[in-house]
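The values are calculated or read from the model by the stated rules, or taken from the named source; none is laboratory data. Not measured: the values here are computed from a predicted model. Counting neighbours? That spans all protein chains shown, and the Cβs are built from the backbone with ideal geometry, glycine included.
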Amino acid sequence: MDKYLTGTNSHFGNFTDYDKLLEELSTEFHNLGENAQVVLQQNYLSTERDYQLTQHQFSLTGYDKIQGRASQYLKYRQTTYGWEDMLLIDIQGNVVFSLKNESDFATNLRTGPWKYSGLARAVLPLLYDAIPQQFGFADYSKYAPSKMQAASFIGMPVFDQDKQQFAGVVAIRLPISQMSELMMDKAGMGETGEVIVINKESWMLTDSRFSQESTILKKQIQTPVSEAVLAGKTITMIAPDYRGIEIIARVKPFIPFPTALGDKVLWGIIPKIEHSEILREYYKIQQALLWIAVGLIVLAVSLGFWSGRSVTLPLMCIANTLTRLAKGEQISLPGLQRTDDIGEIARAVESLRIILQQLEHEHWLSVNVTLLTNAVSGENSASKAAERILNFLCELLAVPVGAVYILEEGRYQRISTHGLARSNQAETSFESGVGLMWQCVKSRQALVLSPVPGGLTIISTGLAEFSTHELIIVPIAHKNEVLAVLELAAISSLQAKQHVFLKAVSEVLG
């Protein structure tokens, strides 16, 4: 949604053209007299143009010419940015132009039937108090002219470039479908993870992955999670969601256009995943180990009646080891070197232990990738997302120093650091062809130096004065373009599963 929530004029185009269009369209609108709304709606809202224009024939022909030029000019911008509609409103509040030509076209927003609509809430404050560069904004609500579909509007005042006089307002209708599709992206979210957005009345602004029908402005959420985020809290919590299922959620409040006139908006961004999914694989591993231990104990007791202590004691020892493994202890299995049946049992159990350990590693990987995805999905700026990524990774991997570089205008600029000494702040970017960082970008493969040889600090890596045992540089790519680079400095070598985790993280973040 960033491109729809940006306060720059570049998205609207050249305002000199807008003021001329507004002036010409407003003039032709008023030339039609008191029947302007009826005539224009008959002409542009009808599917067939077989009516008689009578006395408005000449005037409407003039409007047609300007309308055709305005449509061609504005249609390109609408298509480029994916807006639902673009409208021009003159200083009297008349909607003198609309690309979609719905029933709000040619009406007056001050006195007409839509004076309380979302379009009016975004535009009227600007008509009463027009200030250059000041936006008007109306939050998503059901919009009657579009058959009660969800609609949000941004308005921008237009000023005559020559006389510096207020000429009217250009308004855009924001698409809600694209925000919903973005939040519905399930990459890294597991089987039950999703990100939802709610407004200040707790109505969902995104669809739910668990509903076949759209939930946008149709489902209101009243849960501890929604109450926390709408109270302005940014926290991680375990609580029931809107389906009554216990979840782990990271909630964050978000205010689009905090200085805009119009609606006072507060959104809640809630990335969440079912608590049971986080614990499911761990419980499976624990239960499997316990059942194996119980089975061996029963087997040992049964064998004890005829084989004596030479058989039962090793089996009891293996069973005891499995019980300790199920509790999470790291311990080696006895009897692996024996050549008898007990040795075969021990080696079979050891194979199973390795398989279960691999499952545990995969579970650890899946859980932490999901937690990281949830942690950053609610952030609305690259620097804050980078800071959260570094804090999460450095804490999880016990890495004291890290940095994130992002591609900006052909250079990779450092936007966030963790544990970096103040004396190292000089090197804040790198460019093509320079140092290990560029090698990582060029190959799109992670680089690992372990152990780091002496004197390496003179290489342009961004951590020039930090003495480290292992240096990890990870590219974050999307569609064959490296958008960012993650750099970590560890005091000891990372485990194999931790390197696998970093690879998975780079793919998800990209």
Next item on the list: Take the range 490-510 and flag every residue that is among the aliphatic types (A, V, I, L, M), out of contact with any strand residue (DSSP E or B) (no Cβ under 6 Å at 6 or more places or on another chain) and in contact (Cβ under 8 Å) with a residue 24 or more places away in the chain.
Entry: Ile491, Leu494, Val500, Ala504, Val505, Val508
Next item on the list: Kindly indicate the residue of the range 404-418 that is of a type outside the set (Asp, Glu) and without any contact (Cβ under 8 Å) to a residue 40 or more places away in the chain and also surrounded by the fewest Cβ atoms within 10 Å (Cβ to Cβ) among those meeting that condition.
Entry: Gly410
Next item on the list: Identify the residue in the range 359-407 that is acidic (Asp, Glu) and in contact with a helix residue (DSSP H, G or I) (Cβ under 9 Å, 6 or more places away or on another chain) and, among all such residues, is farthest from Pro258 (Cα to Cα).
Entry: Glu360
Item checked: Looking only at the range 434-466, and only at residues there that are at pLDDT below 70, in a loop (DSSP other than H, G, I, E, B) and in contact with a strand residue (DSSP E or B) (Cβ under 9 Å, 6 or more places away or on another chain), the one that is farthest from Leu393 (Cα to Cα) -> Ser460
Notebook entry, point to check: Among the numbered criteria (1) surrounded by fewer than 17 Cβ atoms within 10 Å (Cβ to Cβ); (2) at pLDDT 85 or above, which single criterion is violated by Trp203?
Noted result: (1)
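Just to be sure, is Val505 assigned by TED's automatic domain parsing to the domain that holds Pro451, assigned to a helix (DSSP H, G or I) and crowded, with 16+ Cβ neighbours inside 10 Å? Steps first, please.
Numbers: assigned by TED's automatic domain parsing to the domain that holds Pro451: yes; assigned to a helix (DSSP H, G or I): yes; crowded, with 16+ Cβ neighbours inside 10 Å: yes.
The answer is yes for Val505.
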Notebook entry, point to check: Are any residues in the range 132-162 within 19 Å of Leu22 (Cα to Cα) and in contact (Cβ under 8 Å) with a residue 60 or more places away in the chain, and if so, which ones?
Noted result: Gln133, Gln134, Phe135, Gly136, Ile154, Gly155, Met156, Val158, Phe159, Asp160, Gln161
Next item on the list: Please go through the range 208-267 and pick out each residue that is touching a residue at least 40 places away in the same chain (Cβ under 8 Å), in a strand (DSSP E or B) and under 28 Å from Phe137 (Cβ atoms).
Entry: Ala249, Arg250, Val251, Lys252, Phe254, Leu261, Gly262, Trp267
Next item on the list: Within the range 192-237, track down each residue that is of a type in the set (D, E, K, R) and closer than 22 Å to Thr370 by Cβ.
Entry: Glu194, Asp207, Arg209, Lys233
Checklist line | Members of the range 134-165 that are out of contact with any Asp or Glu (no Cβ under 8 Å at 6 or more places or on another chain), closer than 18 Å to Leu124 by Cα and either in a strand (DSSP E or B) or among the acidic types (Asp, Glu) (or both) | finding: Gly136, Tyr140, Ser141, Tyr143, Phe153, Ile154, Gly155, Met156, Pro157
Margin query: Can you find, within the range 208-223, the residue that is modelled with the highest pLDDT among those that are more than 22 Å from Asp263 (Cβ to Cβ) and not small (Gly, Ala, Ser)?
Written below: Thr223
Check: Any residue in the range 394-403 that is surrounded by fewer than 19 Cβ atoms within 10 Å (Cβ to Cβ) and modelled with pLDDT under 75?
Finding: no
